[in-house]
Each structure stands twice: as C-alpha cells, then as structure tokens.
Amino acid sequence: MSFSAPVAISPGLLSRTGHTAAAEGGRGLSRSGKLEAGGSLRRVKSGCFQTAMAMGLTSKKSSSRNIGVERKNLITVCRFSVKTLLEKYTAEPIDDSSEEFINFAAILEHILSHRFKGPGGWFSSDGQRSFWDYIRLACSKVHNNCISSIESIENISTSRAKGRAWIRVALMEKRLSEYVATALRDTRTTRRFYDDGAIMLREEATVLTGMLIGLSTIDFSFCLKGEVLDGKTPAVIDYTPYLKFTQSYDYLSDEEDRRSVDSSASDESVAEHPYIPLVTDEETWSNKCRKMEQRFKIIHAQKGYLEELVRLRESQLKNVETENKRLDAKLEELQVQSQQEKKELEAIILELQAQLYAHTLSHLHLLYRTYILNGGTESSRTKSKISYTVFRR
C-alpha cells in the first residue's frame, strides 16, 4: 500500500486562485447577462414593430372604409337630389332661386372635389386649385365646349367661381353628362388631379354620369353674376330634404345603408360607421352578387326616372299638339277670312274705278258742250272732238 505525499498549498496561491476563479465566473456571468438583455431588447423592438404595423394596417383599413362611406353617401344624396329636381320641374325653367338646384350644385361640387389633390399655385390664377382646373383640361376635347366662354367672363375670376359657372352653363346646354363622361375617358388627366379613392377614379363615376342624363330633360335658366358664383363661399350640403328618401329605396338593402345619409352629416359618425366599402380587398362571390344587385337596382331606378320623364314629355307633347291644331285651325280661318276680305276689297276697287271712269266721261262731255255753247272756233271744236274720241277709246 502506498500513500501519496501531501501537497502544501500556500495561502497566497489559494488567494490568487480564488480571485482568478471569481473573475472568470464574473466575466461569464456578465456575458450571459448581456446576451439575455440583447435578446429581450430585440424581442421588445420586434413587438413594437409588429404593433406599429398592425396599427398602420388598422388605420389604413379605417381610412379606406371612411373614404368608401364618403363616396357612397355623396352618390346617394346626389341621386336623391336629381330625383327631387325631376319631380319639381314643370314647364317653367329652374333658376338660382330654386333651393333644390342650390343643393344639387353643392352636392355636385363636393363630388367633383372629392379627394382632389392639394393646392398648386402654378395651376390657377388665384393660387388655388379646384375641380375647374381639371374640367378645363379634361373637357377641352368636347365639341363646341363652353370652356373658352367661361374663361372670358369678366366678373368671374376665381377658379371655384368658374367651376360653378361651368355647372350652370352645362346644365343650360343640357350637356352636363356629356362633359363628365368625356372627362372620365381622359384617365391620365383624371389620375393627375385626384388621389386614390376619389369618386372620379371609381365605378361610382359611371353611376354619376347615368344620373346626370336625366337632367337633360329639364330647362335651366341662370344669371352668371352675383354672390352665388362667389368663389370665397364654400358649398354647403343640406341633408334635411333627403332624409325622407331613406325608407323609400329598396336597393339600400340593410339597415346600415338606410342610415347612409345620416352618417355623412358628421365626421364622428363616419369614423365609427360599420359600412363595407363598395370594393374590398377580399372579393367573394356573395359580395360580387350584392354589388351587381345594387347596380341593377340603381339602373332600374334610373330607368323609372326616365320612363316617368318620357310620360311627362308625352303628356306635354299632346298638349302642345292640341294647341298647335287649334292654332292651325284659327290660322286657316283667318286665311279664309283674309281671302274673302281681299275679294270684297277688289270688288270695291273695281266699282270705284267704274264710278271714276263714268265721272270723268261726264266731266269731259260737259266741257265739250261748254265749248260748243260758247261758240268755240272750228279748230277748238276739232281738238275737243279728238280729245273726246281718244279718251273714249
């Protein structure tokens, strides 16, 4: 059996060894803590980034939904406004004194200004851009357009006032729908002036042109002067007259759609409104069918407007034809009476001519006898006989 000899360890060595181990342990612990802290920081940053992305997506979806609500509300009240104008119109032209027209002009101005790009001083003389700058370029190809006429009006200087004058002139020309349709065909110019989500860039613009066709049957008469064309006064929509229509249209299928007009009255209600935009990112067959059904009902309603207008025009045409026949009969009667009076006058003229002729003969005969009785010379009697004979012939 063998025993190992004991090893003597000095206190200094033990102390150095302990300090070295402690230092090494401290360094290892420090490295581990740093790794752990770095991982926590990365996790926090990743979580913040994901939260920011989620909030951004939520904000983007909310903004897209609000824009969709604005489009739907503006098109809805425009449809109601057109219907009100068609119902109000009789035989007298509509002018600036009509409250229905004032509201329609304000609605159309809001539609043409929806998502319009910001001011650009180089585009207009007054340093402000309005939809007139877009119309001036996009409608320049319209045959016999009124653009140059509006530009030359002296008392209208601002861009907004010129846009309002254009609405009135286009209505008087019965070509408002033609102007808007031509402007929409110029997609390059339209995208240049409008941001994404604007009515002029979506399918609602086509619905708008269809609605404006009905206004071609109405006679408008405007004076392009006064405060109504002041470009400093903003257009304000009065939603009150259209609240009665919310229950009368079955193509506003659900309860949310029936409250569409009410929701547009305030920004707070729009932000919380549970509407679904007309075009969503996730297209499904049910949504497509729903939208097609809405389009069909809108077109059907427009067809009803036009049929009603046709019946009204047919009734007015019958009245005009009756009045025309009456006037024709009166004219014919007057012509017959005129012919009869003409014949009577001709007979009177012939009778007067005969009387004048007889009176002249009697006068010449009296002169001839006077010459004879007064003992006129032979030459005088001969001349008188000749004159008498020539006159008789």
Worksheet item: List, please: which pairs have Cβ atoms under 7 Å, are six or more places apart or on different chains, and start with a residue in the range 307-321 that is at pLDDT below 85 and end with one that is among the hydrophobic types (A, V, I, L, M, F, W, C) and open to solvent by less than 90 Å² (accessible area, probe 1.4 Å)?
Response: L309/L86
Worksheet, complete the sentence: For the range 145-158, pairs from a residue that is open to solvent by 30 Å² or more (accessible area, probe 1.4 Å) to a residue that is modelled with pLDDT of 85 or more and assigned to a loop (DSSP other than H, G, I, E, B), with Cβ under 9 Å and 6 or more apart or across chains, are N145/C139; N145/R175; T158/S130
Worksheet item: Could you list, in sequence order, the residues of the range 35-85 that are at pLDDT below 60 and of a type in the set (F, W, Y)?
Response: F49
Worksheet item: Going by the structure shown, is V207 open to solvent by less than 70 Å² (accessible area, probe 1.4 Å), at pLDDT below 90, among the hydrophobic types (A, V, I, L, M, F, W, C) and assigned to a helix (DSSP H, G or I)?
Response: no
Item to complete: Could you run through the range 86-119 and say how many residues are within 30 Å of G197 (Cα to Cα), under 16 Å from the mean Cα position of the chain (by Cα) and modelled with pLDDT under 90?
Response: 1
Discussion item. Based on this model, can you work out whether S216 counts as in a helix (DSSP H, G or I) and modelled with pLDDT under 90?
Written reply: yes
Discussion item. Please count how many residues of the range 159-172 are buried (at least 24 other Cβ atoms within 10 Å of the Cβ), touching a helix residue (DSSP H, G or I) at 6+ places or on another chain (Cβ under 6 Å) and not hydrophobic (A, V, I, L, M, F, W, C).
Written reply: 3
Discussion item. Quick check on S177: is it farther than 15 Å from S113 by Cβ, part of a helix (DSSP H, G or I) and among the polar types (S, T, N, Q)?
Written reply: yes
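The values are calculated or read from the model by the stated rules, or taken from the named source; none is laboratory data. Quick caveat: nothing in here was measured; it's all calculated off a predicted structure. Note: ideal-geometry Cβ built from the backbone for every residue, glycine included; neighbour counts use all protein chains shown. Remember, those area values only see protein heavy atoms, side chains included, never the ligands or the DNA or RNA. Shrake-Rupley method; radii C 1.70, N 1.55, O 1.52, S 1.80 Å.
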